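**Student:** Here it is, the structure, as structure tokens.
The values are calculated or read from the model by the stated rules, or taken from the named source; none is laboratory data. Because the structure is predicted, anything quoted here is derived from the model rather than measured. Reconstructed Cβ throughout: ideal geometry from the backbone, glycine too, with neighbour counts over all protein chains shown.
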Amino acid sequence: MTLAFQGSLLDSGGEATAGPLGSSVQRTVLSRGAWIDVLPGWVRGADALFGRLVQAVPWRAEKRQMYDRVVDVPRLLCFYPEDTLLPDPVLDQAGQELNAHYGEELGEPFRTAGLCLYRDGQDSVAWHGDTTGRGSTEDTMVAIISLGAPRALLLRPRGGGPGLRRDLGHGDLLVMGGSCQRTWEHAVPKTSRASGPRISVQFRPRGVR
């Protein structure tokens with residue numbers, strides 16, 4: 001697959017790696033027991049990792065029923081269930097670091113990885129929470145590594161109220177925790193601005209989608 005991608009001038013350009021998580025993680029407390037953590041540029045050498053994943057991941061296009069018609073999902077997808085070899089050792093390293101940092105608070109490890117490829121500004125994901133499975137009734141966490149060109153991730157409380165925006169790309173980490181999947185929604189909207197490709201890597205515990 002060939003995609004036009006402009007790397008970050010701030011990217012280290014060296015070997016991709018995900019370092020230990022510590023006090024540099026910035027937590028924002030939201031309403032109704034929800035929170036997000038953000039660490040910009042967590043994955044160093046993220047542009048090289050992006051390039052490898054574009055080629056190595058068996059991306060697939062999906063269709064979904066929407067009301068009375070079947071529509072194309074506006075992004076490419078790949079899901080790695082439990083005990084499945086991930087497409088790059090840096091993702092294994094990232095999962096280990098996430099478990100070391102969040103395991104006690106979460107009470108269990110992250111076990112699955114879902115990958116989305118946003119090819120340009122017309123690829124998107126609508127407002128939703130990860131409420132298929134235990135996320136509909138239990139507090140949980142979803143950790144997202146953003147690779148490639150920055151895109152806006154929007155969050156808003158269910159039922160209305162002030163939301164927030166985080167522009168994520170080039171190795172940034174965002175973790176949604178507490179009640180976030182039940183009481184808040186998130187989205188990556190389409191944009192008419194020129195936008196390069198982005199990969200979102202989502203780590204989740206067992207039974208959360």
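**Student:** Inside region 170-209, counting only strands (runs of 3 or more DSSP E) that do not spill past its ends, which hold 3 or more residues that are within 22 Å of residue 100 (Cβ to Cβ) and at pLDDT 95 or above?
**Tutor:** The strands (runs of 3 or more DSSP E) meeting that bar are 172-178, 198-204.
**Student:** While we're on this one: Among the residues of region 52-100, write down those that are among the polar types (S, T, N, Q), farther than 16 Å from residue 142 by Cα and crowded, with 16+ Cβ neighbours inside 10 Å.
**Tutor:** The answer is 93, and nothing else.
**Student:** Further question: So for region 42-58 (the condition being in a loop (DSSP other than H, G, I, E, B), modelled with pLDDT under 95 and touching a strand residue (DSSP E or B) at 6+ places or on another chain (Cβ under 7 Å)), does at least one residue qualify?
**Tutor:** No, the conditions are met nowhere in region 42-58.
**Student:** Considering region 121-141 alone, what residues qualify as being closer than 19 Å to residue 189 by Cα and of a type in the set (A, V, I, L, M, F, W, C)?
**Tutor:** Scanning region 121-141 gives 125, 126, 127.
**Student:** For region 14-27, indicate whether the set of residues that are at pLDDT 85 or above, basic (Lys, Arg), closer than 30 Å to residue 181 by Cα and surrounded by 13 or more Cβ atoms within 10 Å (Cβ to Cβ) is non-empty.
**Tutor:** Checked region 14-27: no residue is at pLDDT 85 or above, basic (Lys, Arg), closer than 30 Å to residue 181 by Cα and surrounded by 13 or more Cβ atoms within 10 Å (Cβ to Cβ).
**Student:** Looking only at region 67-94, filter to residues that are over 15 Å from the mean Cα position of the chain (by Cα) and part of a strand (DSSP E or B); which one of those is modelled with the highest pLDDT?
**Tutor:** My answer is 72.
**Student:** Please state which one of 40, 20 is more than 26 Å from residue 138 (Cβ to Cβ) and within 16 Å of the chain's Cα centre (by Cα).
**Tutor:** Just a single option satisfies the conditions, and that option is 40.
**Student:** Let me ask something else about it. Among the residues of region 186-205, is there at least one that is free of Cβ contacts under 8 Å to residues at least 60 places away in the same chain and either in contact with a helix residue (DSSP H, G or I) (Cβ under 6 Å, 6 or more places away or on another chain) or farther than 24 Å from residue 78 by Cα (or both)?
**Tutor:** Within region 186-205, not a single residue is free of Cβ contacts under 8 Å to residues at least 60 places away in the same chain and either in contact with a helix residue (DSSP H, G or I) (Cβ under 6 Å, 6 or more places away or on another chain) or farther than 24 Å from residue 78 by Cα (or both).
**Student:** From the residues in region 101-156 that are part of a loop (DSSP other than H, G, I, E, B) and β-branched (Val, Ile, Thr), which one is surrounded by the most Cβ atoms within 10 Å (Cβ to Cβ)?
**Tutor:** So the residue we want is 140.
**Student:** Now for a different question. Looking at region 78-92, I want the residues that are touching a residue at least 12 places away in the same chain (Cβ under 8 Å) and have a partner that is acidic (Asp, Glu) with Cβ atoms under 8 Å, at least 6 apart or on another chain. Which pairs are those?
**Tutor:** Short answer, once both residue conditions are applied: 86/92.
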